[in-house]
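What follows draws every value from the coordinates through simple rules; no lab data is involved. On a predicted model such as this, the values are computed, not experimentally measured, just so you know. As a convention, Cβ positions derive from the backbone with ideal geometry for all residues, glycine included, and neighbour counts pool all protein chains shown.
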Amino acid sequence: MKRLGVLLSGRGSNFLAIARAIREQRLPGAEIAVVLSNREDAPGLAAAHKLGLPAFCVPSAGRSRVDHDAEMLARLHQHKVDLVCLAGYMRVITPDFIRAFPDRIVNIHPSLLPAFPGLDAQRQALEYGVKISGCTVHFVDEAVDHGVIILQKTVHVKDDDTVESLSARILEQEHIAYPEAIARVLSGEYTIEDRRFVSHENKALRVTAR
């Protein structure tokens, strides 16, 4: 059984999508080992408690990033986490954190990276005038929204879209994409070639087609 550690700062809708996928057996062999938040008032933390999951607040306010991340790591190791899933975790994690889980930290971002990294990605997309947006699940490295892309889902941008309407449609795709990407990673049936995430199944199909 692969053990997931979920980090969140807010409502936790992607965390709940992961929990639902596990419950519906769309993530076989996975379980949520612990949910951590840097904010005690995060609705996602309360949701985890309602589901009977181990869930803890590790407050970040007034602490150095290094000290806070050290405590987060201690909690993750205590619960024997195999894969760390950032689900609306609104903090940049330290290099020491990343090195503790090499290629074992994943994040979801509401744009088609490398376009529109950072905050307010949906607003950035609308202001730029793109016709297609979406979401990206990627490994986390030491740069913001930069790591190897695992999976992307697209969303068409409507002429009358607002930040709220576009965000809502992207979020629907996030809830589909995140469990699917986690399943791909947990399968172990992939390689990383340069910056490309290549599933062994797709690689075999390419070889057969030659």
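Computed with the Debye formula from one identical point scatterer per Cα of the stretch 96-142, without solvent, the log10 of I(q)/I(0) at q = 0.32, 0.33 Å⁻¹ comes to -1.14, -1.18. Bridgeable aspartates and glutamates around Lys80 (alpha carbons under 15 Å apart, same-chain partners fewer than 8 residues away excluded): Glu31, Glu71. Among beta bridges identified by DSSP and lying wholly in the chain, the antiparallel ones come to about 45 percent.
For the stretch 109-210, DSSP calls about 90 percent of its internal beta bridges antiparallel.
For the peptides 166-174, 7-15, the ranking by packing is 7-15, 166-174, with the highest mean count of neighbouring Cβ atoms within 10 Å listed first.
Extension gain, Arg123 to Met1, is 40.0 nm, computed as 0.36 nm per intervening residue step minus the present C-alpha separation.
One decimal place: the segment Ile176-Ala46 gains 44.5 nm when fully extended, by the rule 0.36 nm per residue minus the C-alpha distance.
Per the Debye formula on identical point scatterers at the alpha carbon atoms of the chain, with no solvent, log10 I(q)/I(0) at q = 0.12 Å⁻¹ is -0.63. Over the stretch 1-102, the fraction of Cα-Cα pairs per 10 Å bin, rounded to whole percents and listed from the shortest bin up, is 16, 52, 28, 3, 0. Considering only Val130, Val34, Val140, the Gaussian network model of the chain with Cα springs below 10 Å gives its largest mean-square fluctuation to Val130. If you find the alpha carbon centre of the stretch 128-201 and of the stretch 28-57, how far apart are they in angstrom? Cα centres, the stretch 128-201 to the stretch 28-57: 23 Å.
When you filter the GluC sites (Glu not before Pro) in the stretch 106-170 for DSSP loop state and at most 13 other Cβ atoms inside 10 Å of their Cβ, you are left with Glu142.
As a length-normalised measure over Cα pairs under 8 Å and 6 or more apart, the relative contact order of the chain settles at 18 percent.
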